[in-house]
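Novice: Attaching a single structure in structure tokens format; questions to follow.
The values are calculated or read from the model by the stated rules, or taken from the named source; none is laboratory data. Since we're looking at a predicted model, the values are computed, not measured. Using ideal geometry, Cβ is built from the backbone for each residue, glycine included, and neighbour counts are taken over all protein chains shown.
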Amino acid sequence: MSFKLLRGEEEKTLTFIGDDFFLPRRLNNVEFCFQFDDCEPISFGTGPNDLHIHITPTENGNITFTNNDGKTFKIFAREIQ
């Protein structure tokens, strides 16, 4: 069971395991990656801060990731059909 704590500027997740609970260890030296199937992960950002992906609800609101094989992964906004 997980609960979100300190909503706002900093958000943490409190996870209960059995009768105990813990706060996950925060990593400082990280890279953010995407991955297609079992292929090698591709890094698209680094840093100690949280990653927030923001897509505006417009015709051009999208983020596209491409790997070395030419495969693409796209997150986008569209009107409900």
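Novice: What strands (runs of 3 or more DSSP E) completely inside segment 18-81 contain at least 1 residues that are surrounded by 10 or more Cβ atoms within 10 Å (Cβ to Cβ) and among the β-branched types (Val, Ile, Thr)?
Specialist: 42-46, 62-66, 72-76
Novice: Residues that are polar (S, T, N, Q) and modelled with pLDDT of 75 or more: does segment 38-45 have at least one?
Specialist: Within segment 38-45, one or more residues are polar (S, T, N, Q) and modelled with pLDDT of 75 or more.
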